[in-house]
Amino acid sequence: MAEQPVLEFSNVNVRFEQTWALRDVSLKLNPGETRIILGEAGSGKSTLLKTAIGLVTVDNGAVQLFGEQVANRKETDLFKIRSRAGFVFQEGGLFDSVSVGENVEYPLLNRQISEGKSGDETEETEKRVRDSLRFVELEHTYDKFPSEISGGMRRRVGIARAIVTEPPLVLYDSPTAGLDPITANTIMALIAKERDVRNSASLIVTHRYQDGEIMDNFYYDAPQEELIHVSERAEADAKRNRTRFIVMKEGQIVFFGTRHELEASDDPYVKRFIRHEE
Amino acid sequence: MLGFLKDLVASFQDFLFLAGRAYANVFRRPHYYGDVALQMDIIGVGSLSIVLLVGAFSGAIIALQMARALSTYGASSQVGTIVSLTLVRELGPVLTAIIVAGRNASGIASELGSMKVTEQIDAMRALGTDPVQKLVTPRLIATAIMLPCLTVVADAVGAVGAYLVSVPLLQIITPSQYWNTFWRALVLNDLAQGLGKPFVFGMIISLVGCYYGLQTTGGTQGVGRATTQAVVVSSIWIFVVTFFFDKIFVNLT
């Protein structure tokens, strides 16, 4: 039996006043798969991510998240479905009035509160928060406030917050935008690690082709605790096969395929996104 | 012109939707009691010092003005009555509401506005929390409870302020006369006005502040605009509502 997709778009159209932000978008994401979404500014990349968890009103079409319809459902019905997915915002989207630890703890306490339990911190929640912060190598920032850490660290805390509930799907909105190449690569390494350690599905919006290359070319090896190039590990090729690239233009998907297919594309628009920066 | 009117009606409709959801959430789980307590502290305890000062001085000012006006008619002994009625019915609730609007409608709008422009509201929705439940309803409850309390405090210190002017300073009346006339002037209707109005004002201040905060667009400039609009609009609503409240209650006596 085919596994149920974690996310499925069927002919989705989204319009903001007179502009179509998404036009006839269809895509499917199975557990453990990765999709890299490239496209110029305003091509509908971020709208696609927000539509996936029902943050945007859909004009027509269907969006299924974990098998449940999210397009145009009542906001109050969506909170429970949304809390099962992880979402990393462009600037981290951290709550600036509470500490890093409390930010990462938020999804756990929120889940407790929505189940009718008390929203108090317990040893268990603190341990999970520390584990999640350790995953992004920022355990020492537990008591700091978001304003006291750097932009790159805030993104990493954003990742820690998104994955603390161990969601089967994580959506990343331009996780490397505006960061220097070294920090950007660190972030991408963490995203690959999250994918390979927990086998979660990832939908990554980015403007850097190298981000997709890292996801496609590298595999996180848990025993060695580092990223390994897939060519060095034959069994990792199966993992490699699960990364696909999507290129968007004016709200439409104009390319879907593997990295090799992307690099072989003759489309001048698509070719613009294939840059090899050293 | 038509476009402006359409925008006005549309924004009032959005405001009513937000208000409706905020009220519905009062009776719906989950309840964020911690946030309600925190907001009560910020709005209530935080505004206490300024309410004390303004309340005391407004009482003293009424006494000063009325002492002179009443002496023309040889009715200086009625100063307690006048202070009591103006303070409890009108000035106490309205002045306190205006202070809290200036202090907290702006605070709420700028806080929520900053959260909106830095994607924190979207993050909250993405994490599965209703921002209305988590941010608006606690502020609504806290302001609706704390504003009547602050008004009572303002009335009390206003009475003392007027006492200090009428009795020790101007010596136009004896202490027992003052307190007697002050107390006897009040009927149940005055109390209903004096506490009912701030209860409604509290809801207006918090909802208008939250509405403009959540509607913020356009970065830091947008936050500044939302803050100004929140104070201006809530202050206008306070006076409009006072008029209609008075129209109903004055006729009831």
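Please go through the range B:2-52 and give me each residue that is among the aromatic types (Phe, Trp, Tyr) and in a helix (DSSP H, G or I), ordered by number. Matches in the range B:2-52: B:PHE4, B:PHE12, B:PHE15, B:PHE17, B:TYR23, B:TYR33.
If you check B:ARG125, B:ARG139, B:ARG184, which single one turns out to be over 30 Å from B:TYR33 (Cα atoms) and not polar (S, T, N, Q)? The unique qualifying residue is B:ARG184.
If the condition is being farther than 28 Å from A:THR125 by Cβ and touching an Asp or Glu at 6+ places or on another chain (Cβ under 6 Å), then the range A:161-190 contributes A:THR176, A:MET188.
Given the criteria crowded, with 23+ Cβ neighbours inside 10 Å and assigned to a helix (DSSP H, G or I), does B:SER77 qualify? Spelling it out, it is not the case that B:SER77 is crowded, with 23+ Cβ neighbours inside 10 Å and assigned to a helix (DSSP H, G or I). Only one of the listed residues (B:GLY209, B:GLY107, B:GLY196) is of a type in the set (Gly, Ala, Ser) and crowded, with 23+ Cβ neighbours inside 10 Å. That residue is B:GLY209. In the range A:26-46, the residue that is surrounded by the most Cβ atoms within 10 Å (Cβ to Cβ) out of those that are at pLDDT below 90 and either farther than 27 Å from A:VAL197 by Cβ or within 14 Å of chain B (Cβ to nearest Cβ) (or both) is A:GLY39. Restrict the check to the range A:148-169 and report whether at least one residue is acidic (Asp, Glu) and either at the interface with chain B (Cβ under 10 Å from one of its Cβ atoms) or touching a residue at least 40 places away in the same chain (Cβ under 8 Å) (or both). Checked the range A:148-169: no residue is acidic (Asp, Glu) and either at the interface with chain B (Cβ under 10 Å from one of its Cβ atoms) or touching a residue at least 40 places away in the same chain (Cβ under 8 Å) (or both). The listed residues are B:LEU85, B:LEU135, B:LEU112, B:LEU140, and the only one of them that is in a helix (DSSP H, G or I), under 20 Å from B:LEU48 (Cα atoms), touching a residue at least 60 places away in the same chain (Cβ under 8 Å) and within 23 Å of the chain's Cα centre (by Cα) turns out to be B:LEU140. A:ASP120 fulfils the conditions (1) surrounded by fewer than 14 Cβ atoms within 10 Å (Cβ to Cβ); (2) assigned to a helix (DSSP H, G or I); (3) within 14 Å of chain B (Cβ to nearest Cβ) except for a single criterion, (2). Entry remark, the range A:82-116: residues being more than 19 Å from A:PRO167 (Cβ to Cβ), acidic (Asp, Glu) and touching a residue at least 40 places away in the same chain (Cβ under 8 Å) number 2 in total.
What residue, among those in the range B:115-130 that are without any contact (Cβ under 8 Å) to a residue 24 or more places away in the chain and not in a helix (DSSP H, G or I), is nearest to the other protein chains (Cβ to nearest Cβ)? Only one residue tops the list, namely B:GLY128.
Out of all the residues in the range A:48-68, is one or more among the hydroxyl-bearing types (Ser, Thr, Tyr), assigned to a helix (DSSP H, G or I) and surrounded by fewer than 23 Cβ atoms within 10 Å (Cβ to Cβ)? No: the range A:48-68 contains no residue that is among the hydroxyl-bearing types (Ser, Thr, Tyr), assigned to a helix (DSSP H, G or I) and surrounded by fewer than 23 Cβ atoms within 10 Å (Cβ to Cβ). Check whether at least one residue in the range A:95-106 is over 21 Å from A:HIS140 (Cα atoms), surrounded by fewer than 21 Cβ atoms within 10 Å (Cβ to Cβ) and within 8 Å of chain B (Cβ to nearest Cβ), and report yes or no. Within the range A:95-106, none of the residues are over 21 Å from A:HIS140 (Cα atoms), surrounded by fewer than 21 Cβ atoms within 10 Å (Cβ to Cβ) and within 8 Å of chain B (Cβ to nearest Cβ).
Please work out if A:VAL100 is modelled with pLDDT of 90 or more and in contact with a Ser or Thr (Cβ under 7 Å, 6 or more places away or on another chain). Yes: the conditions hold for A:VAL100. Scanning the range B:1-47 for residues that are within 14 Å of chain A (Cβ to nearest Cβ), small (Gly, Ala, Ser) and under 23 Å from the mean Cα position of the chain (by Cα) returns B:GLY20, B:ALA22, B:ALA24, B:GLY34, B:ALA37. For A:SER83, the conditions (1) crowded, with 21+ Cβ neighbours inside 10 Å; (2) within 24 Å of B:VAL132 (Cβ to Cβ); (3) in contact with a helix residue (DSSP H, G or I) (Cβ under 9 Å, 6 or more places away or on another chain); (4) among the polar types (S, T, N, Q) all hold with the exception of (1).
Residues that are of a type in the set (Phe, Trp, Tyr), under 28 Å from B:ILE141 (Cβ atoms) and touching a residue at least 12 places away in the same chain (Cβ under 8 Å) occur at least once in the range B:24-39.
The range A:123-233 holds helices (runs of 4 or more DSSP H) entirely within its bounds, and those carrying 3 or more residues that are more than 19 Å from A:LEU38 (Cα to Cα) map to A:123-135, A:151-163, A:181-198.
The values are calculated or read from the model by the stated rules, or taken from the named source; none is laboratory data. Predicted model, so just to flag it, every value in this text is computed and none were measured. Here the Cβ is made from the backbone with ideal geometry for all residues, glycine too, and neighbour counts use every protein chain on show.
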